[in-house]
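Novice: Starting off with a structure, shown below.
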Amino acid sequence: MRLVVPFTPGGGSDIVARAIGNKLGDVLRRQVVVDNRPGGGITIGSDLVAKSAPDGNTVLIVTIAHAVNPSLHKTLPYDTEKDFSPISLVTTAQRSRFFPELPTIAEAGPPGYELVSWQGILAPGKTPREIVNHLNAAIVTVLNMPDLKEYLAGRGYDATGSTAERFAGFISSEIQRWGKLVKSIGARVD
């Protein structure tokens, strides 16, 4: 199985992907290879996965950039929602368990302002539901392992898991929210 990271080695998503990949390989009883494909504001790695066979052998770790790109770029080589099958949210911003008295931006900032750092796993679009469910169960199992939670927490990440449906809804709401912001400030990459 290939876990594509659309960022350079050593960054946050790479660290999370490698930690999950090691455990995921054990749960699935197969080798998981982390494949860094940086560039183009995550479009190179994302496009590779969008065009991969929908057989569960190739997945992608994504961040907020996945939700921002449709509004920021005039064109993308893939459809951010249709060409991917959400599997699970991996990390999200919650009130820190290390600093529980420190409020989140949404709690302390101006009304309507929220910046959530998140990561999740996607498969190619049209991946059969059975495969998505199988991968989701494996990923959620990994994310609930105490040693993985501790490892990620030590690097500032709160491991979480979600249903594929919840993650799909989350991505859709993030695309809409960031689309409004990008449009309101007139930001463009092209």
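The values are calculated or read from the model by the stated rules, or taken from the named source; none is laboratory data. Note that this is a predicted model, so its numbers are computed, not measured. Here the Cβ is made from the backbone with ideal geometry for all residues, glycine too, and neighbour counts use every protein chain on show.
Novice: Please verify whether Asp26 is modelled with pLDDT of 95 or more, outside any strand (DSSP E or B) and over 17 Å from the mean Cα position of the chain (by Cα), treating the condition exactly as stated.
Specialist: yes
Novice: Let me ask something additional. Scanning for something within 20 Å of Pro54 (Cβ to Cβ), modelled with pLDDT of 95 or more and part of a helix (DSSP H, G or I), does the range 140-156 turn up at least one residue?
Specialist: There is no residue in the range 140-156 that is within 20 Å of Pro54 (Cβ to Cβ), modelled with pLDDT of 95 or more and part of a helix (DSSP H, G or I).
Novice: For the range 117-137, what are the residues that are more than 25 Å from Ile42 (Cα to Cα) and in contact (Cβ under 8 Å) with a residue 60 or more places away in the chain?
Specialist: His134
Novice: Quick one: what pairs do we get from the range 1-13, first residue in contact (Cβ under 8 Å) with a residue 12 or more places away in the chain and farther than 10 Å from Gly39 by Cα, second assigned to a loop (DSSP other than H, G, I, E, B) and among the basic types (Lys, Arg), C-beta under 9 Å, 6+ apart or different chains?
Specialist: If the second residue must be assigned to a loop (DSSP other than H, G, I, E, B) and among the basic types (Lys, Arg), the pairs left are Met1/Arg30; Val4/Arg37; Val5/Arg37; Gly12/Arg155.
Novice: Condition first: surrounded by fewer than 17 Cβ atoms within 10 Å (Cβ to Cβ), touching a residue at least 12 places away in the same chain (Cβ under 8 Å) and over 23 Å from Thr92 (Cα atoms). Now tell me which residues in the range 14-38 satisfy that.
Specialist: Arg30, Gln31, Val33
Novice: What is the residue count in the range 85-110 for residues that are modelled with pLDDT under 70 and in contact with an Asp or Glu (Cβ under 9 Å, 6 or more places away or on another chain)?
Specialist: 8
Novice: Can you name the residue in the range 157-188 that is over 17 Å from the mean Cα position of the chain (by Cα) and in a helix (DSSP H, G or I) and is also surrounded by the most Cβ atoms within 10 Å (Cβ to Cβ) among such residues?
Specialist: Val182
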